[in-house]
Amino acid sequence: MPVGLFRVCLLVITAIVNHPLFFPKENGTVPENTEEIIQKMKEREESLRLEQLRLEQEIAAQEATQRALEKAAVVVEESKEEKVRWDMWTALSMVIFLLIELWRQDFQEGNWQDIGGEEDDMAILGKAFKGVAFPDKAVLASFYEKRILGTTGDMARMREMVEGFADDLLEALRSVCNRDADMEVEDCMGVGSMYENWRVRKPFVCDLIVPFAPPEPYCFCCQTWCSGDSFPPDEQGYGTIKVCRADEDTTGCICDKTKLGEDMLCLLHSQASSTRPSSEMEDLLCFKNTQYLDADQVMKWFQIAVTKAWNRISHKYEFDLSFSLLDSPGALKIKFKSGKSIAFNLTPVVQYENSDVYFISHFPRSSLAADIPSSTHWFLTFAVYERRFIQLVSKTLPANACHVSCLQILSFLHGKQCSLTGPSGLTNYHLKTVLLHLLQARPSQDWAPEKLEARLQDMLKFLEKCLHEKKLYHFFIGNGKVPAELGFPIIFQRAEPLNLFRPFVLRRDIYRKMVDTFHEMLRNMSALINEYTVHIPLAHTNGIRKE
């Protein structure tokens, strides 16, 4: 207890002693310092309040940004879902539209095919053969021996005579031409059915192509539809030939492709070198005011040159030579005094680079290149490679293989049918293209002579399929399986396949005529063959069928 009272008293005394009122002089600055401290505390409080407001604003801004981002993400997600739904509906609409269009085209084609109550023969592959009496092996063998072999024995002698005369004529042509100004003519080459040994219809006509080149110092710069430049779809299979100087940059300067102003000059070419007199280019058979070779000008020059050459050597021969067809400038006819005649075609061509592909000015007696875009567009012919391919494949086939026989029979039937119902868009070149595809597709043993009937049916069915699909692709263009032994240019192997039936897709009248002619040929096949077949006893025919 006493200790507790002592502690209380000591605390009271200490408080009284330390009270500021007891020492006013020593502690005179205390009130002033307190006000400063209070003022500083207020300022600090105010700054803390402002900092708090700033932080609250930043937090609110961040929250607003986060909400905006979340809202944008939701909008994007909704737009993606809406776009997917829209794309799905668009694709579905396009599919429905295409199906309706295909159905409409098939319906329209079916209408004209069903006229007269006929069944749609093109609906199923091979259906066109339903009810067709196809000749058997004995009838086909007899027909081939009598009609085909009996009329093609003179082809070799005719080829030899025409080639000898053509060589003499071209030699005379070189002598009458100005070697410094006129085109240089090379030796001719035989192409086509007469040189592939499958032509059957008379009159026999030899097709000869004559490569030519410009005089020095000029050269030909060839450009095809598959060489990089854009060609319209209707110009596929064509190319242009530019006449250039040998020392000229074949790629050309931009001044050749752009119309410069009158006050602008090309720094690479002077005015004298960039322009050539139009008469000079016309002398080089170019189209007016261009450097592009004109097929019409070439044919006019060639006709005049051939006429001059014949006048020089006509005294050596006991026959007359004349141009036989107005629409085929290279069509020539030899007329003997006995009244007999021999026709052949001599067509100028331009070699494509160092290959055996040639630019041809026109196709004699053919609608293959009937709609040429212009006279500066030249069609490409692969006839030399086609002949080489047939020769190459023939070496691997059995003896007396039936591949040429199939083409001869089919060509004969088609020619007879066209003589009855009129010409159609289908040509012998289409038939040969079918054979080339089958030669590559089928093994060698399938072309044995005893399989003539089967292979002939294959060709007809393949042709039917192509007519149904409106697609018959060129054998060489876009074909990566061409034998390397041929040395075929790789640029054409890598090109897009060329559909030979493309011109008939939009021309329904010609397409209908083709299909009608094909069906008529099938129906008349037995009658046409029996007309030229020796009568075969029924027992002999049955015996062959049993084998």
Practice task
Among the residues of the range 493-525, count how many are assigned to a loop (DSSP other than H, G, I, E, B) and out of contact with any strand residue (DSSP E or B) (no Cβ under 6 Å at 6 or more places or on another chain).
Solution key: 9
Handout entry: Qualifying residue in the range 423-438 (condition: open to solvent by 20 Å² or more (accessible area, probe 1.4 Å), within 19 Å of S193 (Cα to Cα) and basic (K, R))
Key = no
Problem - Per-region count, the range 378-402, residues open to solvent by 30 Å² or more (accessible area, probe 1.4 Å), over 21 Å from M194 (Cβ atoms) and in contact with a Phe, Trp or Tyr (Cβ under 8 Å, 6 or more places away or on another chain) - result: 1
Exercise for the section: Considering each residue of the range 324-361, count those that are more than 22 Å from the chain's Cα centre (by Cα), surrounded by 12 or more Cβ atoms within 10 Å (Cβ to Cβ) and either in a strand (DSSP E or B) or among the polar types (S, T, N, Q) (or both), and give that number. Expected result: 16
Completion exercise
Of the residues in the range 471-481, those that are free of Cβ contacts under 8 Å to residues at least 60 places away in the same chain, surrounded by 14 or more Cβ atoms within 10 Å (Cβ to Cβ) and assigned to a loop (DSSP other than H, G, I, E, B) come to K471, L472, G478, N479
Exercise for the section: Being surrounded by 18 or more Cβ atoms within 10 Å (Cβ to Cβ) and small (G, A, S) is the filter; apply it to the range 285-323 and report the residue that is farthest from L173 (Cα to Cα). Expected result: A295
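Condition check ((1) closer than 26 Å to Q351 by Cβ; (2) of a type in the set (A, V, I, L, M); (3) part of a helix (DSSP H, G or I); (4) open to solvent by 60 Å² or more (accessible area, probe 1.4 Å)) across all residues:
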| site | (1), (2), (3), (4) |
| --- | --- |
| L420 | no, yes, yes, yes |
| R455 | no, no, yes, no |
| L467 | no, yes, yes, no |
| I491 | yes, yes, yes, no |
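So that you can scan it fast, the table gives a plain yes or no per residue for (1) modelled with pLDDT of 95 or more; (2) hydrophobic (A, V, I, L, M, F, W, C):
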{"site": "S405", "(1), (2)": "no, no"}
{"site": "F412", "(1), (2)": "no, yes"}
{"site": "K416", "(1), (2)": "no, no"}
{"site": "G422", "(1), (2)": "no, no"}
{"site": "G425", "(1), (2)": "no, no"}
{"site": "H437", "(1), (2)": "yes, no"}
{"site": "L452", "(1), (2)": "no, yes"}
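The values are calculated or read from the model by the stated rules, or taken from the named source; none is laboratory data. Quick caveat, the model's predicted, so the values are computed rather than measured. Note that each Cβ is placed from the backbone with ideal geometry, even for glycine, and that neighbours are counted across all protein chains shown. Each accessible area value is taken on the protein alone, full model and side chains, heavy atoms only, with ligands, DNA and RNA left out. Shrake-Rupley method; radii C 1.70, N 1.55, O 1.52, S 1.80 Å.
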